[in-house]
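Here's the structure we're looking at; comments come further down.
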Amino acid sequence: MTNELEEAPLSTTAERRAVTSVSGVTPGQEWAIVARGLKREYDMGGEIVRALRGVDLAVRRNEYVAIMGPSGSGKSTLMNLIGCLDTPDAGEYWLNGQLVSGMSDDALAHVRNKEIGFVFQTFNLLPRSTALQNVELPLVYAGVSGDERRQRATEALESVELGSRLDHRPNELSGGQRQRVAIARALVNRPAILLADEPTGNLDSRTSEDIMRVFSGLSDHGQTVIMVTHEPDIAAHARRVIVLRDGLVETDERRENFHERLSAFGSSVVG
Ligand SMILES: Nc1ncnc2c1ncn2[C@@H]1O[C@H](COP(=O)(O)OP(=O)(O)O)[C@@H](O)[C@H]1O
Ligand SMILES: [Mg+2]
């Protein structure tokens, strides 16, 4: 048992215990995500690509995590598993106390709609719909009535400081504003986890900083955030950075107060 504990490069003893405790045991309530030995292989016409080779990961509620790593290290494969878009070939994945690995596609889709908000590099907004309509869409699927839909979508847009842009279409918004609409859409169902895959990949550095301020604010208000990025200065906004290499966790580090130090530095430079 002691040897197993030493293998996983996890931040704290509690995390090691959450991940390496006996398989099948439901993690405690403080854990948004517990993954034990996740494996995912792709069969490329007889050649097996081992995209994830046994990833151990435990993320507490309210954590703000960046996942980094070179191209091909397994970041997107891991995000697809965390986001319930795919299931592992081996290992366990617990999301919010539910064992997700091994679920049927229908059950998986249900958990995904309820627990996960996605933000993508390419925004993925409906071009002919207003900001409000775009943000209302997940609530339409969830069967929420018209009045409540409008109210909740308006609140979500206000929370990303777009309360004055409700009736604008995507082509009437800047890139940063479009991404904020996408963030509002991801949050409107009140998901357990906000997952972002390269959320600033299409934005200039100043706009990226604005988006990072939104994420930090969400994190300060208790939202669990997991984002993939290959940009170190974007990852620096997270409180914890996990680096993947060859389908395994290479390092997993907390940077307590890193954001505060960074913003203090930023304001002293700007102001
Ligand atoms: N659908 C797929 N079919 C076959 N191989 C894949 C597929 N998706 C990813 N891979 C392979 O799995 C490995 C990890 O890929 P990926 O998770 O996309 O890495 P990253 O996002 O870090 O660049 C790579 O070798 C990639 O070529
Ligand atoms: Mg990728």
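Quick note: the coordinates plus some simple rules give every number you see, no bench work behind them. Here the structure is a predicted model, which is why all the values come from computation and not from measurement. Glycine also receives a Cβ, built like all others from the backbone with ideal geometry; neighbour counts cover every protein chain displayed.
Once Lys and Arg get +1 and Asp and Glu get -1 on their Cβ, which of VAL111, GLY72, THR20 lies farthest toward the positive end of the dipole of the range 3-134?
So the residue furthest toward the plus end is VAL111.
So what's the net charge close to LEU137: Lys and Arg +1, Asp and Glu -1, counting the other residues with Cβ under 10 Å from its Cβ? Walk me through the intermediate numbers first.
On the way: positive: ARG149, ARG185; negative: GLU136.
It works out to a net charge of +1.
Could you give the length gained by full extension between GLN151 and ASP246, i.e. 0.36 nm per residue of separation minus their alpha carbon distance, to one decimal place? Please report the intermediate quantities before stating the final value.
Details: separation 95, 0.36 × 95 = 34.20 nm, distance 4.53 nm.
Length gained between GLN151 and ASP246: 29.7 nm.
Going by amide H atoms built from the backbone, whose H comes under 5 Å of the H on ALA196, apart from near neighbours?
VAL119, ILE226, MET227, VAL228
With axes computed from alpha carbons, what is the tilt in degrees of helix 205-220 against the longest principal axis of the chain, rounded to the nearest 10 within 0 to 90?
Once rounded, one gets 70 degrees.
With the crude spin-label approximation of a point 7 Å out along Cα→Cβ, what separation in nm comes out for ARG128 versus SER164?
If labels sit at ARG128 and SER164, their model points lie 3.0 nm apart.
Taking θ = phi - 60°, what integer Hz values does the Karplus form 6.51 cos²θ - 1.76 cosθ + 1.60 yield along the range 84-93, in sequence order, with x for Gly and Pro?
6, 8, 7, 10, x, 7, 8, x, 10, 10
For the range 52-68, in order, what is each residue's ³J(HN,Hα) by Karplus, 6.51 cos²θ - 1.76 cosθ + 1.60 with θ = phi - 60°, in whole Hz (x at glycine and Pro)?
After applying 6.51 cos²θ - 1.76 cosθ + 1.60, I find 10, 10, x, 8, 9, 7, 9, 10, 6, 4, 6, 6, 10, 10, 10, 10, 10 Hz.
If I model a spin label at ARG254 and ASN113 as a point 7 Å from the Cα along the Cα→Cβ vector, what separation in nanometres do I get?
Modelled inter-label distance: 3.7 nm.
If amide H atoms are built 1.01 Å from N in the plane of the peptide, which residues on other chains or at least 5 residues away come under 5 Å of the amide H of ARG245?
For ARG245, whose amide H was placed from the backbone, the distant partners under 5 Å are GLU250.
Count the net charge of all other residues whose Cβ sits under 9 Å from the Cβ of THR87, scoring Lys and Arg as +1 and Asp and Glu as -1. Please list the in-between numbers first.
Numbers: positive: ARG40; negative: ASP86, ASP89, ASP105.
With Lys, Arg at +1 and Asp, Glu at -1, the net is -2.
Using θ = phi - 60° and the Karplus form 6.51 cos²θ - 1.76 cosθ + 1.60, what ³J(HN,Hα) does each residue of the range 177-186 get, whole Hz, x for Gly and Pro?
Computed from phi, the couplings for the range 177-186 are 5, 4, 5, 5, 4, 5, 5, 4, 4, 5 Hz.
Out of the DSSP beta bridges found with both residues in the chain, what percent are antiparallel (nearest 5)?
Numbers: 24 of 42 bridges.
Among the beta bridges of the chain, antiparallel pairing accounts for roughly 55 percent.
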